[in-house]
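Participant: Please read through the structure below; I'll follow up with questions.
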Amino acid sequence: MSDESRKIAVQRLYHDESGESHFVDEMLEVVAQDFAPPAPPFYVSAGVPAKQAVYLFLPAGYVGDFHPAPRRQLMTLISGDLESRVSDGESRRFVPGNTMLVEDTEGKGHWTKAHTDCTMIVSQLE
């Protein structure tokens, strides 16, 4: 891999044609750019049009039964300990700094539990 590009890990939650939801680990390319001159170049991904960004707070013990996402969104956990389960049965635990691309806007959706108070920033995509 060259010094001009790198890859970062992204977790994606999506639904298939039968409505089942799944997790998949993907690698997202970031490319060195002059993004904020006069700061030196750093690595930036391709842009994704967004509708809005909101902060989300889930209190410890919150459980959201299976539901589809209201729209495609990027969710980054800022603080707390969160678990999400997809309809194929896989469950994943999220810690601060984890980001998930949520695309299960149809079908059975996903289940969510906040093990501790959780704060997230959610970018709702167009």
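Read the figures in this text as sums done on the coordinates, not as results from a lab. Everything numeric in this text was worked out from a predicted model, so none of it was measured. In this analysis, Cβ positions are derived from the backbone assuming ideal geometry, glycine residues included, and neighbour counts consider all displayed protein chains.
Participant: Only bridges with both residues in the stretch 5-125 count here: give the DSSP antiparallel percent, nearest 5.
Facilitator: Details: 44 of 48 bridges.
Beta bridges within the stretch 5-125, antiparallel portion: roughly 90 percent.
Participant: Which aspartates and glutamates does Lys108 reach when only Cα atoms under 15 Å apart count, and residues fewer than 8 places away in its own chain are ignored?
Facilitator: List returned: Asp16, Glu17, Glu20, Asp65, Asp88, Glu90.
Participant: Considering the zone a paramagnetic label at Asn98 would reach in this model (a point 7 Å from Cα along the Cα-to-Cβ line), which residues of the stretch 31-62 have amide N under 18 Å from it?
Facilitator: Only 56-62 fall inside the zone, counting backbone N under 18 Å.
Participant: Can you tell me the length gained on complete extension of the stretch Glu4 to Lys51, counting 0.36 nm per residue apart and subtracting the Cα distance?
Facilitator: Net length gain for the segment: 13.9 nm.
Participant: Another question, if that's okay. With Rg and the Kirkwood Rh both taken from Cα atoms, where does Rg over Rh land for the stretch 5-125?
Facilitator: Values: Rg = 15.5 Å, Rh = 15.3 Å.
On the Cα set of the stretch 5-125, Rg over Rh gives 1.01.
Participant: Using a Förster radius of 30 Å, what is the FRET efficiency between Asp88 and Thr116 based on their Cβ-Cβ separation? Nearest 0.05, please.
Facilitator: 0.70
Participant: State to the nearest 20 debye the size of the charge dipole of the chain about its Cα centre, where the only charges are +1 on K and R beta carbons and -1 on D and E beta carbons. Please report the intermediate quantities before stating the final value.
Facilitator: Details: 11 positive and 19 negative charges, 73 e Å.
Roughly 360 debye, rounded to the nearest 20.
Participant: Relative to the present Cα-Cα distance, how much length would full extension add between Leu125 and Ala36 at 0.36 nm per residue of separation? It would help to have the intermediate numbers written out before the result.
Facilitator: On the way: separation 89, 0.36 × 89 = 32.04 nm, distance 2.30 nm.
Fully extending the segment from Leu125 to Ala36 adds 29.7 nm.
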